[in-house]
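Enquirer: Submitted below is the structure of interest, expressed as structure tokens.
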Amino acid sequence: MTCAEGRFEMNDTMIGVIGGSGVYEIDGLENAEWREVSSAFGTPSDAILTGTLGGVEMAFLPRHGRGHVLSPSSVPYRANIDALKRLGVTDVISVSACGSFREAMAPGDFVIVDQFIDRTVARESSFFGAGCVAHVSVAHPTCDRLGTACAEAAEVQGINVHRGGTYLAMEGPQFSTLAESRMYRDAWGCDVIGMTNMPEAKLAREAELCYASVAMITDYDSWHPDHGEVDVTEIIRVLFGNADKARGLVARLPGLLGAARQVCPHGCDRALDHAILTAPEKRDPALIARLDAVAGRVLGRTST
């Protein structure tokens, strides 16, 4: 897939699923094909599995690569989002493992995240920069329409799902210290903790993609007095059970979202309308060329 083969128009729904730990495929995908997609921002985590499900186009990207070869810090977040946009994805569902800071949010439960605190420090967090400066709002970093669909799919699937929660994105790859875990929970009011939703959510907003985060709880981090430190063996056990639930959730999304794409009522697909500040005559042509998929709608560029 090259830029010339991308769609960008987003006339039809195409659901992009970014699968985290334990989620490496979509069940029941018709005409399934692994496709290599070139990105102007590097090589994506892996090839992208495409096909249709319930009459809706789907694209699946394993965030860590098949075989889990990429750490949270080395995931090529910009390339992943850019590649999905080039394919014509309109709605991104992030599925990822996380720890919980709340007794009521137990291992095996899912949380439809609606807020983030970003503590990552070693990742490229924007498509824009010198030569084309842009500022998008991430006050509400997820799409409520898409999150509601995920919650409804989870409930039908019989998953214990929590609507709304704040996700603390840490750099990793180590888990939290006890002091950090207590601070995130008690002082900062976070609900769950993970290593991969940032800068992914910010980049999706810059690319004008609706984004929803489905956080699958595997443990209580290290704050819980009855559970102690994170046990990787136990995490893996819960992880595989969650992965089965997640695939069932994803399978129900086409029926809820439908094939005909509607304008996002929250403006996710128009996030760049007033975001670019650099005067046209001052823009770096090389950077503008790289932004053809991400920002082509507002920069006046189309696939050629």
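Enquirer: Sort 131-142, 191-202, 274-285 by the packing proxy (mean of other Cβ within 10 Å over each peptide's residues), most packed first.
Expert: 191-202, 131-142, 274-285
Enquirer: For the chain, which whole-number percentage of the solvent-accessible area (1.4 Å probe, protein heavy atoms only) is attributable to carbon and sulfur atoms? If you can, show how the numbers build up before the last one.
Expert: Working: 6200 of 12460 Å².
It is 50 percent, rounded to a whole number.
Enquirer: If the only charges are +1 at each Lys and Arg Cβ and -1 at each Asp and Glu Cβ, what is the size of the charge dipole of the chain around the Cα centre, to the nearest 20 debye?
Expert: 700
Enquirer: Per DSSP helix of 4 or more residues, -39500 (n - 2.57); summed, then divided by the residues of the chain. What does that give at 222 nm, rounded to the nearest 500?
Expert: On the way: 7 runs with 72 residues, N = 304.
Here the helix-only value at 222 nm equals -7000 deg cm²/dmol.
Enquirer: Put +1 on the Cβ of every Lys and Arg and -1 on every Asp and Glu Cβ in region 54-101; which of Val92, Pro62, Ser74 then has its Cα farthest towards the positive end of the dipole?
Expert: Most positive-ward Cα: Ser74.
Enquirer: Average the reciprocal distances over every distinct pair of alpha-carbons in region 175-287, invert the result, and give the Kirkwood radius in Å.
Expert: 18.0
Enquirer: If amide hydrogens are placed 1.01 Å from N in the peptide plane, which non-local residues have theirs closer than 5 Å to the one on Cys143?
Expert: It is Tyr211, Ala212, by chain and number.
Enquirer: Something else: Taking a quarter of the surface of the convex hull around the Cα atoms of region 64-206, what do you get in nm²?
Expert: 9.9
Enquirer: What would the Debye equation give as log₁₀ I(q)/I(0) for the chain at q = 0.07, 0.12, 0.14, 0.15 Å⁻¹, counting only Cα atoms as equal point scatterers?
Expert: -0.25, -0.74, -1.01, -1.15
Enquirer: Still on this structure, I have one more. Work out, step by step, the length gained on full extension between Glu30 and Glu171: first 0.36 nm times the residue separation, then minus their alpha carbon distance; give nm to one decimal.
Expert: 47.1 nm
Enquirer: Ok, one more. With all pairs of different alpha carbon atoms counted, what Kirkwood hydrodynamic radius in Å does region 244-304 show?
Expert: Averaging 1/r across every pair of different Cα atoms and inverting gives 14.7 Å.
The values are calculated or read from the model by the stated rules, or taken from the named source; none is laboratory data. The shown structure was predicted, so the numbers you read here are calculated from the model rather than taken from an experiment. FYI the Cβ positions are ideal-geometry reconstructions off the backbone, even for glycines, and counts take in every protein chain you see. Just the protein is used for accessible areas: all its heavy atoms, side chains included, with ligands, DNA and RNA removed. Shrake-Rupley method; radii C 1.70, N 1.55, O 1.52, S 1.80 Å.
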